[in-house]
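The values are calculated or read from the model by the stated rules, or taken from the named source; none is laboratory data. The structure presented is a predicted model; accordingly, all values stated were derived computationally and were not measured. Please note: Cβ atoms are built from the backbone with ideal geometry, for glycine as well, and neighbour counts cover all protein chains shown. Quick note on the areas: whole protein, heavy atoms, side chains included, nothing else; ligands and nucleic acids left out. Shrake-Rupley method; radii C 1.70, N 1.55, O 1.52, S 1.80 Å.
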Amino acid sequence: MTEKLLTDRFDKNFAEIKGKIAAAAEKSGRRAEDIIILAATKTVDADFINYAIQNGIDYIGENRVQEFLSKENDVTKNVHKHFIGHLQTNKVRDIVGKVELIQSVHSLKLAREIGKVSVKKGIVTDVLVEVNIGNEESKSGFSADEVMSAIEQMTEIEGICVKGLMTIPPICDQSDQVRKYFDKMYKLFIEIRDKKLYNNIEILSMGMSDDYDVAVECGANMVRIGTALFGARNYNL
Ligand SMILES: *Cc1c(COP(=O)(O)O)cnc(C)c1O
């Protein structure tokens with residue numbers, strides 16, 4: 001597709017997503033402005049990402065360290081950058097200090113490494129704790145049963161600050177199936193927030209291209225959207 005067709009399609013997609021999110025937010029007693037749309041930018045080239053930023057995207061997330069680093073210098077600076085993918089301990093030093101928040105803290109070992117590197121760099125890194133809400137063999141993250149105790153242990157780690165929870169639920173054919181997982185996540189989020197282990201537990205990151213509206217209805221305040229915004233992967237300007 002030509003550049004113009006791609007950007008036109010982005011504009012149309014973004015408008016549609018904002019409309020659906022506004023409706024879902026209203027259903028759950030919130031305002032559209034309360035929901036952050038994070039653009040998942042894997043495989044999208046820097047020019048297209050910059051177009052998205054110029055046209056209203058404030059948050060972007062990459063999920064591979066290598067890809068993040070390769071685009072870093074070409075992507076517009078004044079945007080909130082998150083890391084959303086599986087992070088290996090040996091890559092932590094490459095990413096800490098370069099993103100505002102790491103969404104995918106799936107183990108205490110990883111949390112300790114992020115803390116250690118952050119302290120060395122004289123910063124505190126904001127993180128979300130990843131929950132494997134469907135207890136899937138193939139996914140990383142803490143089970144719902146483990147997550148409270150994990151966050152209690154994280155309070156002892158210098159250099160990190162827990163801001164909330166993120167999840168990728170099991171693939172579901174029907175929206176009432178995925179809703180069960182999102183409801184469970186919301187309950188967990190409220191429980192953890194009210195325990196006040198950290199001052200500002202405020203982000204519940206869940207919902208992707210196929211289910212972001214359901215996620216918002218269930219209480220998500222951050223959705224991570226790739227395909228529904230940019231098109232099937234590998235379209236570049
Ligand atoms: C790619 C990705 C998304 C977005 O997925 P889409 O289905 O393309 O919207 C969200 N979260 C994570 C962690 C991802 O890697």
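Below is a table of values for the structure above.
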| item | result |
| --- | --- |
| Residues with amide H under 5 Å from that of I160, placed H, sequence gap 5 or more | T125 |
| Burial order of peptide ranges 121-133, 147-159 (average beta-carbon count within 10 Å, highest first) | 121-133, 147-159 |
| Mean accessible surface per residue for the chain, computed with a 1.4 Å probe while every protein chain stays in place, in Å² | 49 Å² |
| Sulfur and carbon atoms: percent of accessible area, the chain [1.4 Å] | 45 percent |
| Förster radius 30 Å - calculated FRET efficiency between K196 and K120, Cβ distance, rounded to 0.05 | 0.60 |
| Centre separation in Å (Cα based) which lies between segment 89-104 and segment 165-182 | 26 Å |
| Approximate spin-label separation A32-R64, in nm, with each point projected 7 Å along Cα-to-Cβ | 3.5 nm |
| Spin-label pair N55/D94, simplified geometry with 7 Å Cα→Cβ offset, distance in nm | 3.1 nm |
| Integer Hz, Karplus 6.51/-1.76/1.60 couplings in order for segment 79-92, x for Gly and Pro | 8, 7, 10, 10, 9, 10, x, 5, 10, 8, 3, 6, 9, 4 |
| Mean ellipticity per residue at 222 nm, deg cm²/dmol - from DSSP H runs of n ≥ 4 across the chain, formula -39500 (n - 2.57) | -12500 deg cm²/dmol |
| Cα gyration tensor shape for the chain, rounded if a/c is under 1.5, else prolate or oblate | oblate |
| Most to least packed among 213-219, 183-189 [average Cβ atoms within 10 Å] | 213-219, 183-189 |
